[in-house]
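The values are calculated or read from the model by the stated rules, or taken from the named source; none is laboratory data. What you are looking at is a predicted structure, and each value in this text was computed from that prediction instead of being measured. Virtual Cβ from ideal backbone geometry, glycine too; neighbours counted across all protein chains shown. Surface accessibility is based on the protein's heavy atoms, side chains included, excluding ligands, DNA and RNA. Shrake-Rupley method; radii C 1.70, N 1.55, O 1.52, S 1.80 Å.
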Amino acid sequence: MSDTRFIHGFHAINARLRQSAGSVQEIYLAAGRQDGRTRDLIRLAEAQGVRVIATDPARLDGMAGSHGKAARHQGVVARVAAAQRHVTLDDVLDTLAEPALLLVLDGVQDPHNLGACLRVADAAGAHAVVAPKDRAVGLNATAVKVACGAADTVPYVTVTNLARSLREMQERGIATIGADAGAGEDLYDADLKGPLALILGAEGSGLRRLTRETCDALVKIPMLGSVESLNVSVASGICLFEARRQRGAIQTNT
């Protein structure tokens with residue numbers, strides 16, 4: 001069905017039920033599962049009026065496709081509407097119960113890098129990934145595939161004017177800190193504990209001039225070897241997890 005697709009894994013499906021339950025058409029659970037995570041998912045689905053269907057694990061493998069090993073789909077797959085709901089920055093910020101943690105990508109062109117950035121944003125508990133509509137790859141099929149479910153759990157916000165959006169973040173008390181190899185301050189010396197947007201630039205060229213000038217501060221990742229720069233998804237992970245470390249809020253999922 002061209003108007004639907006499958007997502008899989010407890011984290012992705014729980015997030016979709018909470019954020020956009022109307023887009024979830026059916027949930028397929030491995031027959032015989034009765035653990036706590038399964039019961040919690042069933043309760044949430046029933047509360048949202050979504051049907052849950054017991055299914056043979058082999059069928060779940062087929063639904064989840066090339067990434068459909070049991071360890072990947074965890075015994076749960078959902079059929080959801082294929083269309084991506086447009087999310088604004090206000091949609092994200094108005095519902096937060098903790099200081100904002102945003103990843104801003106200034107013109108990333110490679111869909112593999114965008115997908116990987118979504119994965120690290122999910123892993124670090126970032127509340128959204130923000131990117132300009134123009135001069136950026138966009139959330140295409142390759143990026144969604146590389147994200148391995150994170151495209152359904154991390155809101156992807158596109159903006160018309162990135163510099164203006166950074167100023168709007170600043171007006172809402174969010175510190176905008178850009179990663180730049182020429183910065184005078186190390187990442188590990190910066191205060192990342194409050195509401196924060198971390199801005200990383202495109203492959204090779206880094207932050208654009210206007211973006212750099214709009215940031216509240218610039219930091220660099222200390223480089224001890226011979227390479228001059230890191231892949232944007234690797235740099236994103238380092239910055240996001242340093243922010244989480246400073247907040248003392250790193251939690252693991254079981």
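Numerical summary
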item: Top positive-direction residue, dipole computed over segment 77-231 with Cβ charges, set A81, A147, A179; result: A81
item: Highest-fluctuation residue, E203, E171, E242 considered, GNM on the chain with Cα pairs under 10 Å; result: E171
item: For the chain, built as a Gaussian network whose Cα springs stay under 10 Å, the top-fluctuating residue of I177, I53, I13; result: I53
item: Chain lengthening between V87 and R135 when straightened (0.36 nm per residue, less Cα-Cα); result: 15.4 nm
item: Using alpha-carbon coordinates, inclination of helix 162-171 to the longest axis of the chain, degrees; result: 90 degrees
item: Accessible surface of the chain [probe 1.4 Å, protein heavy atoms]: carbon and sulfur percent; result: 49 percent
item: Net length gained if the chain between L96 and E203 were fully extended (0.36 nm per residue, minus Cα distance); result: 35.5 nm
item: Residues in segment 111-150 reached by a label modelled at R164 [backbone nitrogen below 16 Å; 7 Å Cα→Cβ]; result: 131-135
item: Residues whose placed amide H lies under 5 Å from that of I199, excluding near-sequence neighbours; result: V104, I177, G178, A179
item: Theoretical ellipticity at 222 nm over the chain - DSSP helices of four or more residues, -39500 (n - 2.57) apiece, nearest 500; result: -10500 deg cm²/dmol
item: Efficiency of FRET from Cβ geometry, K193 and D40, R₀ 30 Å, rounded to 0.05; result: 0.45
item: Projected area averaged over orientations for the chain, convex hull of C-alpha atoms, nm²; result: 14.2 nm²
item: Charged-residue dipole, Cβ positions (Lys, Arg, Asp, Glu), the chain about Cα centre, Debye nearest 20; result: 760 debye
item: Difference of contour (0.36 nm per residue) and Cα-Cα distance, R51 to L224; result: 56.9 nm
item: Volume per residue that the Cα convex hull of segment 148-222 spans, once the total is divided by residue count, Å³; result: 131 Å³
item: Between segment 171-225 and segment 1-44, the Cα center-to-center distance that results, in Å; result: 37 Å
